[in-house]
Every structure is written in C-alpha cells, then in structure tokens.
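Read through the structure below, which is laid out as structure tokens, and then see the notes.
The values are calculated or read from the model by the stated rules, or taken from the named source; none is laboratory data. Here the structure is a predicted model, which means the values were calculated and not measured. All Cβ positions, even for glycine, are placed from backbone atoms using ideal geometry, and neighbour counts span all protein chains on display.
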Amino acid sequence: MTDEGLSVAVAAEKIHLYRKKSQIRTVWLRLKKNRMAMFGFVLFSAMMALVLSADLYMDYEEEAIAQNLSIRFQAPSKDHLLGTDQYGRDLLTRVIYGGRISLFVGLATICISLTAGSLIGATAAYYGGKTDDILMRIMDVFLAIPNTLMAITLVAALGTSLVNLILAMGLSQIPRMSRIVRSSVLSIIGQEYIEAARACGTGDGRIIFRHILPNAMGPILVQVTQTVARSVITIASLSFIGLGISEPTPEWGSMLSEAKSQLRYHPYLAVAPGVAIVMAVMSLTLLGDGLRDALDPRLKN
C-alpha cells in the first residue's frame, strides 16, 4: 500500500473515532433527559450496590442459613425489618443475598450469550454467503424453542447446580443475541473506515473485534439489559419449580416456592421476594427502553 493510501486510511479512522465520541456524548445526554430511564439506572445500580456490599453489614450464615425456630414466623419488626420465615431466618437478609444469586446468574448468562452470540453473529454478517446461511439457519432452529423451555430441558439434562444453571441459561440466549449482533454488523459493514482497514491489510479477526463489534454496541447494549431481565425471571421460574437453586441457599424463586404454602396466614413471605423480582426486571426494562430511545429517537413513540 502507498504512503498516500495509508494516510487516507488513517484519516478515515480518526474521523470515525471523532464521530463515535460525539455520538456517545449525544446518546448520554438524551439518556439523562429520560427520567424513567435514569430511574431504572439508579434503581438497578442501588440494588447491585446493596447485594454486593451485603457482607459488610449482614451475617450470611447466622441470618440467612442458620435455623432458629424460636423466632419463626415473626412479623416485620425493628429487629427483623421484613420478618422471619418458617425456619426463623431473617427475610431481609435472604432477599438481599438471594438478589446476589439472581443478578449474578443474569450477568453470567450475558457473558456467555454475548461472547458466543457476538462471535456467531459477526462472523455470519462479515463473511455472508453460505457461512451466513448455515449459521443463521442453525440459530433459527433454536429460536423456535422458547428460552424458558430450552433452559428447563438443559437443566434437566445437565443437573441442578449453579454452574449448569448458568450454562443452560447462557446457551438458551445465544440465538437471539447472535441475531441482534448480525443485524447491527450488517448496518455498518460497508462504512468507509471498514474499507480503509481492509485496504491497510488488516486481518479479518482484527477488523471484526477492533473495528466492527465496538461500533455495533448500541443495539447490543439494549439487548443486554433485556437479557438480564429475562434471566432474572427465568431463574426465578426454574427455582420455583425445583430446577434452580435449592435450599438452603437463598434465591428469589425458591423463596416464592417456599412461601406458597404459607400465603393464607403469612403472605409477607411472598411479598418481599416478589417485589424484589419486580424491581429488578422493571429497572432493567426502563433502562433498556431509555437506551433504545436515546440511540434512535424516532422509535420513542
């Protein structure tokens, strides 16, 4: 490549980076103006801070695991703000530590689905042709199966452990993520800076991971928030039917499952984990909707 051609390629990359930074600032300003999106962001951030710092102000073994039948079924009080369950365990402590499990599984699910989905979707879009057809037809087969049903099938086959649960949920989300990544990559693959990178002799792998995927993250980030929200619901559903996290480990779905037999006389046992699930899903949904509107204001209405 001539020096002149190299200079043109470098200039095209610099111009694109400048435009990208400007777009990020614009998206952030739009997001800040969306009160519901910022409410979701603050609420989810607060929940994450609460569950991650739980060890600083709570005793997991004593309050969430150990049984104390002398204080079972205590109503909410100053000593136990949300009351105690049928085994005398503090409900607030179990809800907070249950959030750690639920949100951790959701984020771990994203790591699996985002990594594999990005690789499959970007490869299909970049190479096109038969590669695209084969990969997308395989993804279409799995997309025809509901995520929860696929997760139930995989957990039943692999066994009910935390690792298997994360693996099952991550695998079930890959087809949807790969579709989103593919469409995002197709929208930018013909841009000048991509052609400039090819003209410089840059390898396919570097182009995909250095130039394409980072610039296709807008729609992917929206999908990430939605996937975490779905994962929270899915793990709660699996635990509720006995295929998720088992006792005595606290988890919102298993807590709801335990509370269903006590609803008549002790309904507060179901309220706390139920509200926690609603708050987590609502915050992520509001944030995802806000990101979508900030990225493309035309979709706002």
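Just give me the residues in region 258-277 being at pLDDT 90 or above and of a type outside the set (A, V, I, L, M), in sequence order.
273, 274
Please tell me if residue 269 is under 17 Å from residue 97 (Cα atoms) and part of a helix (DSSP H, G or I). If you could, list the steps in order and put the result at the bottom.
On the way: under 17 Å from residue 97 (Cα atoms): yes; part of a helix (DSSP H, G or I): yes.
When the stated conditions are applied, residue 269 passes them.
Could you grab me the full set of residues in region 89-137 that are assigned to a loop (DSSP other than H, G, I, E, B) and either surrounded by fewer than 17 Cβ atoms within 10 Å (Cβ to Cβ) or under 13 Å from the mean Cα position of the chain (by Cα) (or both)? Give the steps one after another, and end with the answer.
Let us first name the residues in region 89-137 that are assigned to a loop (DSSP other than H, G, I, E, B), namely 89, 128.
Result: 128, single match.
One residue is enough: does region 64-83 have a residue meeting the conditions surrounded by 17 or more Cβ atoms within 10 Å (Cβ to Cβ), part of a helix (DSSP H, G or I) and either touching a helix residue (DSSP H, G or I) at 6+ places or on another chain (Cβ under 8 Å) or polar (S, T, N, Q) (or both)?
Yes: region 64-83 contains one or more residues that are surrounded by 17 or more Cβ atoms within 10 Å (Cβ to Cβ), part of a helix (DSSP H, G or I) and either touching a helix residue (DSSP H, G or I) at 6+ places or on another chain (Cβ under 8 Å) or polar (S, T, N, Q) (or both).
Of everything in region 58-113, what is aromatic (Phe, Trp, Tyr) and touching a Lys or Arg at 6+ places or on another chain (Cβ under 9 Å)? Give them in sequence order. Can you show your working first?
The initial filter retains those residues of region 58-113 that are aromatic (Phe, Trp, Tyr), namely 60, 73, 87, 97, 104.
87, the sole residue that qualifies.
Between residues in region 40-65 that are farther than 29 Å from residue 286 by Cα and in contact (Cβ under 8 Å) with a residue 12 or more places away in the chain and residues that are basic (Lys, Arg) and crowded, with 16+ Cβ neighbours inside 10 Å, which pairs lie under 7 Å by C-beta distance while being six or more apart or on different chains?
From region 40-65, the pairs are 63/89; 64/89; 64/94.
Could you grab me the full set of residues in region 225-237 that are under 10 Å from residue 109 (Cβ atoms) and either without any contact (Cβ under 8 Å) to a residue 60 or more places away in the chain or not polar (S, T, N, Q) (or both)? Outline the logic, then answer.
Let us first name the residues in region 225-237 that are under 10 Å from residue 109 (Cβ atoms), namely 227-228, 230-232, 234-235.
Result: 228, 230, 232, 235.
Just to be sure, is residue 85 under 30 Å from residue 265 (Cβ atoms), touching a strand residue (DSSP E or B) at 6+ places or on another chain (Cβ under 9 Å) and charged (D, E, K, R)? Quick ask: steps written out before the conclusion?
Details: under 30 Å from residue 265 (Cβ atoms): yes; touching a strand residue (DSSP E or B) at 6+ places or on another chain (Cβ under 9 Å): no; charged (D, E, K, R): yes.
Answer is no for this residue.
Within region 253-280, which residues are out of contact with any Pro (no Cβ under 8 Å at 6 or more places or on another chain), among the hydrophobic types (A, V, I, L, M, F, W, C) and touching a residue at least 24 places away in the same chain (Cβ under 8 Å)?
Start the filter on region 253-280 by keeping residues that are out of contact with any Pro (no Cβ under 8 Å at 6 or more places or on another chain), which leaves 254, 257-258, 260-267, 269-280.
Subset that is among the hydrophobic types (A, V, I, L, M, F, W, C): 263, 269-272, 275-280.
269, 272, 276, 277, 279, 280, listed by residue number.
Evaluate region 189-210: report whether one residue or more is under 29 Å from residue 47 (Cα atoms) and without any contact (Cβ under 8 Å) to a residue 24 or more places away in the chain.
Initially, region 189-210 is screened for residues under 29 Å from residue 47 (Cα atoms), giving none.
No, region 189-210 has no match at all.
Quick check on region 215-232. Is at least one of its residues touching a Gly at 6+ places or on another chain (Cβ under 8 Å) and of a type in the set (Gly, Ala, Ser)?
yes
Do we find that residue 242 is out of contact with any Asp or Glu (no Cβ under 9 Å at 6 or more places or on another chain) and closer than 19 Å to residue 155 by Cα in this structure? Don't jump to the end; show me each part of the working.
Details: out of contact with any Asp or Glu (no Cβ under 9 Å at 6 or more places or on another chain): yes; closer than 19 Å to residue 155 by Cα: yes.
Yes; evaluated as a whole, the condition is true for this residue.
If you check residue 152 against the conditions, is it in contact with a Phe, Trp or Tyr (Cβ under 8 Å, 6 or more places away or on another chain) and over 23 Å from residue 287 (Cα atoms)? Quick ask: steps written out before the conclusion?
Details: in contact with a Phe, Trp or Tyr (Cβ under 8 Å, 6 or more places away or on another chain): no; over 23 Å from residue 287 (Cα atoms): yes.
It is false that residue 152 is in contact with a Phe, Trp or Tyr (Cβ under 8 Å, 6 or more places away or on another chain) and over 23 Å from residue 287 (Cα atoms).
Scanning region 138-180 for residues that are surrounded by 15 or more Cβ atoms within 10 Å (Cβ to Cβ) and of a type in the set (Ser, Thr, Tyr), which turns out nearest to residue 221 (Cα to Cα)? Please lay out each step first, then the result.
First pass over region 138-180, keeping only residues surrounded by 15 or more Cβ atoms within 10 Å (Cβ to Cβ): 139, 142-143, 147-148, 150-152, 154-155, 160, 162, 164-180.
From the residues that got through so far, the ones that are of a type in the set (Ser, Thr, Tyr) too are 148, 160, 172, 178.
On the way: 148: 22, 160: 30, 172: 18, 178: 13 Å.
The extreme case among them is 178.
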